[in-house]
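Undergrad: A single structure is presented below for examination.
The values are calculated or read from the model by the stated rules, or taken from the named source; none is laboratory data. It should be emphasised that the depicted structure is a prediction, and the values quoted were computed from it without experimental measurement. Quick reminder, even Gly has a Cβ in these numbers, built from the backbone with ideal geometry, and neighbours come from all protein chains shown. These area figures cover heavy atoms from the full protein model, side chains too; ligands, DNA and RNA do not enter into them. Shrake-Rupley method; radii C 1.70, N 1.55, O 1.52, S 1.80 Å.
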Amino acid sequence: FAATALLAFVPALRDQVSLNGAWPEGGVVPNYFGETFDTRLYRREVEVPASWAGKRIVVEFRQVNYIADVYVDGRHLTSHVGGWIPFSVDVTPYVEPGRSFSLEVRIRTSTHRPYVDAQGFAVWPVGLYPDHSKCSGIVDDVWLRAYGEVAIEDTFIKTSCREGTIAAQYTIANHGGQERSVRIVAEVTPAEGGQVVKSLVGEPVTLPPGARRTLAVTAPWPDPVLWTPDSPALYHLTSKLLDGTDVVDRETRRFGFREIWIEGNQFVLNGVRTNLWGTSIARGESGRQDYLTPSRWPEHVDMLKDEMNVRIIRWHQHPAADYLLDVADEKGLFIIDESALYARPIYTTEH
């Protein structure tokens, strides 16, 4: 159930431990297709690596349906409302590197309504269609990850053939009590390994305590190996956050250098007209789940491309799990992902 183990070149985002697998209470995590129940308790012990001393320690849930209450050693830390939406819990004050803690996730499903957020505003139903109650539970990966006190929280990689550039938009945050001056230094390498082919260096930025900033780092790149459906070349972007010469945080993300746009009534990929023959797939529909599992999805993508000439999938009803997107990146399949707000019946509530 560690889906990324099936893929050839998916790098670890950062220092991390997968919490996927058979939990002693609650069952297998994740069940990518969901189950039908009213309430359920998921519980397991989690060991924090001793090498993470001095780090921020975060539990990250990719998708949980539909109301989740998270506890560490019996202490309630957060409630999350809304299906298919990633969320995280900073457990640093409550755990100790080198020791284990009890992680509990109590889930309520679509029978509990109306859902309300922390301010009391109704947000039910979110990502819910009348027959979606069967999609309840932990339906995507769960991670334990380590971050620096000053850390990269998100990165958006944008490549442009027309401009001959790579741009990385970073969100960085200072969770400490002191002002910090940091800068981004990043390197691009081929996903299959090899020498650095591109470097990105950002300007210094000063972050007061508690501050969060978004900054862009851009570099010219006129001659990358392009990602196409027939030749899906991939790279790794390894980014370091430096305070002086000290590396205070680092991460690695995978990407392909590609750009798609519209000219008149034609799609253009990397400067070449392309016809995007496609279809749609729904993760939760019965009868389809056998070929959407982590073990079967790679061969199914091969069939879609080689036997049906499919080049693009519109994901229907539910956002795609990470492994579905990762395999598509490796095999050259475009995906139009779904919104977590699919089919929300807004006209039956307030506008």
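Undergrad: Residue 93 - would you say it is exposed (fewer than 15 other Cβ atoms within 10 Å of the Cβ) and modelled with pLDDT under 95?
TA: Numbers: exposed (fewer than 15 other Cβ atoms within 10 Å of the Cβ): yes; modelled with pLDDT under 95: no.
When the stated conditions are applied, residue 93 does not pass them.
Undergrad: So which residues in region 161-175 are open to solvent by 10 Å² or more (accessible area, probe 1.4 Å) and touching a residue at least 24 places away in the same chain (Cβ under 8 Å)?
TA: From region 161-175, those open to solvent by 10 Å² or more (accessible area, probe 1.4 Å) are 161-165, 167, 169, 171, 175; that's our starting set.
Selection gives 161, 162, 164, 165, 167, 169, 171, 175.
Undergrad: A follow-up question, please. If you take the residues of region 141-160 that are small (Gly, Ala, Ser) and assigned to a strand (DSSP E or B), which of them is surrounded by the most Cβ atoms within 10 Å (Cβ to Cβ)?
TA: So the first thing to find is which residues in region 141-160 are small (Gly, Ala, Ser), and the list is 146, 148, 151, 160.
Filter once more, keeping what is assigned to a strand (DSSP E or B): 146, 151, 160.
Numbers: 146: 22, 151: 24, 160: 15.
Among those that are small (Gly, Ala, Ser) and assigned to a strand (DSSP E or B), it is 151.
Undergrad: Consider region 176-193. How many of its residues are open to solvent by less than 30 Å² (accessible area, probe 1.4 Å) and assigned to a loop (DSSP other than H, G, I, E, B)?
TA: The number of residues fulfilling the criteria is 2.
Undergrad: Tell me yes or no: at least one residue of region 226-240 is hydrophobic (A, V, I, L, M, F, W, C), in contact with a strand residue (DSSP E or B) (Cβ under 6 Å, 6 or more places away or on another chain) and open to solvent by 40 Å² or more (accessible area, probe 1.4 Å). Please lay out each step first, then the result.
TA: Within region 226-240, the subset hydrophobic (A, V, I, L, M, F, W, C) is 226-227, 233-234, 237.
Restricting the remaining residues to those that are in contact with a strand residue (DSSP E or B) (Cβ under 6 Å, 6 or more places away or on another chain) gives 233-234, 237.
Now drop any that are not open to solvent by 40 Å² or more (accessible area, probe 1.4 Å), which leaves none.
Checked region 226-240: no residue is hydrophobic (A, V, I, L, M, F, W, C), in contact with a strand residue (DSSP E or B) (Cβ under 6 Å, 6 or more places away or on another chain) and open to solvent by 40 Å² or more (accessible area, probe 1.4 Å).
Undergrad: Can you name every residue in region 253-288 that is in contact with a Pro (Cβ under 9 Å, 6 or more places away or on another chain) and among the aromatic types (Phe, Trp, Tyr)?
TA: 257
Undergrad: A further question on this structure: Within region 194-208, track down each residue that is outside any loop (DSSP other than H, G, I, E, B) and under 14 Å from residue 225 (Cβ atoms). Let's see the steps before the verdict.
TA: The first filter runs over region 194-208 and keeps only residues outside any loop (DSSP other than H, G, I, E, B), leaving 198-201, 205-207.
Passing the criteria: only 198.
Undergrad: Can I ask one more? Considering only residues that are closer than 12 Å to residue 198 by Cα and open to solvent by less than 40 Å² (accessible area, probe 1.4 Å), which ones fall in region 210-225?
TA: Residues satisfying the conditions are 219, 221, 224.
Undergrad: Test residue 112 against the stated conditions and say whether it is open to solvent by 50 Å² or more (accessible area, probe 1.4 Å), without any contact (Cβ under 8 Å) to a residue 24 or more places away in the chain and more than 20 Å from residue 321 (Cα to Cα).
TA: Numbers: open to solvent by 50 Å² or more (accessible area, probe 1.4 Å): yes; without any contact (Cβ under 8 Å) to a residue 24 or more places away in the chain: no; more than 20 Å from residue 321 (Cα to Cα): yes.
Taking the combined requirement at face value, the residue does not satisfy it.
Undergrad: Scanning region 286-308 for residues that are open to solvent by less than 40 Å² (accessible area, probe 1.4 Å) and of a type in the set (A, V, I, L, M, F, W, C), which turns out nearest to residue 333 (Cα to Cα)? Walk me through how you get there before you give the answer.
TA: So the first thing to find is which residues in region 286-308 are open to solvent by less than 40 Å² (accessible area, probe 1.4 Å), and the list is 292-294, 297-298, 300-301, 304-305.
Remaining after also requiring of a type in the set (A, V, I, L, M, F, W, C): 292, 297, 301, 304.
Numbers: 292: 15, 297: 12, 301: 8, 304: 9 Å.
Among residues in region 286-308 that are open to solvent by less than 40 Å² (accessible area, probe 1.4 Å) and of a type in the set (A, V, I, L, M, F, W, C), the one nearest to residue 333 (Cα to Cα) is 301.
Undergrad: In region 255-285, what count of residues is obtained for those that are more than 22 Å from residue 158 (Cα to Cα), surrounded by 12 or more Cβ atoms within 10 Å (Cβ to Cβ) and modelled with pLDDT of 95 or more?
TA: Going through region 255-285 one residue at a time, the tally reaches 0.
Okay, residues lined up against (1) of a type in the set (A, V, I, L, M, F, W, C); (2) closer than 18 Å to residue 135 by Cβ; (3) outside any helix (DSSP H, G or I):
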| position | (1), (2), (3) |
| --- | --- |
| 290 | no, yes, no |
| 293 | no, yes, yes |
| 301 | yes, no, no |
| 305 | no, no, no |
| 313 | yes, no, yes |
| 318 | no, yes, yes |
| 324 | yes, yes, no |
| 327 | yes, no, no |
| 330 | no, no, no |
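Undergrad: Any idea which residue in region 332-351 is modelled with the highest pLDDT, counting only those that are open to solvent by 50 Å² or more (accessible area, probe 1.4 Å) and not in a loop (DSSP other than H, G, I, E, B)?
TA: 336
Undergrad: If you don't mind, another one. Could you tell me whether any residue of region 257-267 is assigned to a loop (DSSP other than H, G, I, E, B), more than 17 Å from residue 335 (Cβ to Cβ) and hydrophobic (A, V, I, L, M, F, W, C)? Don't jump to the end; show me each part of the working.
TA: So in region 257-267, the residues assigned to a loop (DSSP other than H, G, I, E, B) come out as 257-259, 264-265.
Next, only the ones that are more than 17 Å from residue 335 (Cβ to Cβ) stay: 257, 264-265.
Next, only the ones that are hydrophobic (A, V, I, L, M, F, W, C) stay: 257.
Yes, that holds for at least one residue.
Undergrad: Criterion first (open to solvent by 20 Å² or more (accessible area, probe 1.4 Å), touching a His at 6+ places or on another chain (Cβ under 8 Å) and of a type in the set (A, V, I, L, M, F, W, C)) does residue 61 satisfy it?
TA: Details: open to solvent by 20 Å² or more (accessible area, probe 1.4 Å): no; touching a His at 6+ places or on another chain (Cβ under 8 Å): yes; of a type in the set (A, V, I, L, M, F, W, C): yes.
No, not satisfied.
Undergrad: Among the candidates 182, 196, 247, 205, single out the residue that is more than 30 Å from residue 89 (Cβ to Cβ) and modelled with pLDDT of 95 or more. Break it down stepwise before answering.
TA: Details: 182 fails: more than 30 Å from residue 89 (Cβ to Cβ); 247 fails: more than 30 Å from residue 89 (Cβ to Cβ); 205 fails: more than 30 Å from residue 89 (Cβ to Cβ).
Unique residue meeting the criteria: 196.
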